[in-house]
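Read through the structure below, which is laid out as structure tokens, and then see the notes.
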Amino acid sequence: MIGHFRVVRTHPPLANKSSLQRAKAPLAKQCRVTRTCRVPYAVKEGSAKGNLEASKPQDELVLVEHAKEDGGIVQIVYRNGGLVDAGALETLCDKVGWPRRPISKVQTALANSFLTSGLYLRQQPSDKSEKSDKLIGLARATSDHVFNATIWDVLVDPAYQGQGLGKALVEQMVRTLLQRDITNITLFADANVVEFYQQLGFEAEPEGIRGMFWYPHL
């Protein structure tokens, strides 16, 4: 089924350096990626081509759509905000092989995030009865609400990877942060995905800036 999805609506790609200089500032210098071994959270068992102003983010955006033979509709939807079910996130973390953390801490992390963005598989039956949404991707950001934001926990269900959904997820989140006038955007990337983020305009260790970490010595 995945191979028969068709793109029905997307925003243009984030602007390159020259256009961003005209809009706000160079994205590659504003969005910094620090090379580090990130330990992703999980949950406990049981439970712009052109000016950025011209491509404002939307709280809900249909990325792809598929018409079923029975008349039903299947969509993949990007959504800003809203409640994220910790149990659904637990299942997603398991699928990508992330280690688990206490579900209560995951719920607190989600609740305290400045922005949570999700990808959902939406099933709309042909009889127009109640639609259902299944979480297939997530990213969240923490922020001081003024200057800085850090993106965490970017993941996409392996069954839907290779479709450009991870790129759409990150691009839409960056757009949302920029539209809220937050222009210093950072994230932590495992070595095997640094190139992925660089293709989106992020820069590893710009101007010699390095990530510093403190861990308790047990």
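The values are calculated or read from the model by the stated rules, or taken from the named source; none is laboratory data. Just so it is clear, the model here is predicted, and its values are computed rather than measured. A quick note on method: Cβ atoms are made from the backbone with ideal geometry, for glycine too, and the neighbour counts reach across all protein chains shown. Each accessible area value is taken on the protein alone, full model and side chains, heavy atoms only, with ligands, DNA and RNA left out. Shrake-Rupley method; radii C 1.70, N 1.55, O 1.52, S 1.80 Å.
Worth a mention:
- Residue pairs, from the table K105/K128; K105/K167; K105/K134, whose Cα atoms sit over 29 Å apart: K105/K128
- The alpha-carbon of K68 sits under 13 angstrom from the alpha-carbons of these aspartates and glutamates, leaving out residues fewer than 8 places away in its chain: D127.
- Extension gain from R122 to H66, taking 0.36 nm per residue of separation minus the Cα-Cα distance: 19.1 nm
- Contour minus Cα-Cα distance for S129 and R180 (0.36 nm per residue): 14.7 nm
- Taking Cα centre as origin and charging only the Cβ of basic (Lys, Arg, +1) and acidic (Asp, Glu, -1) residues, the dipole magnitude of the stretch 137-207 rounds to 300 debye.
- Label separation (E207 vs E195): 2.9 nm, computed from points 7 Å beyond Cα along the C-beta direction.
- Ranked from largest to smallest solvent-accessible area, with a 1.4 Å probe on the protein heavy atoms, H66, H145, H217 come out as H217, H145, H66.
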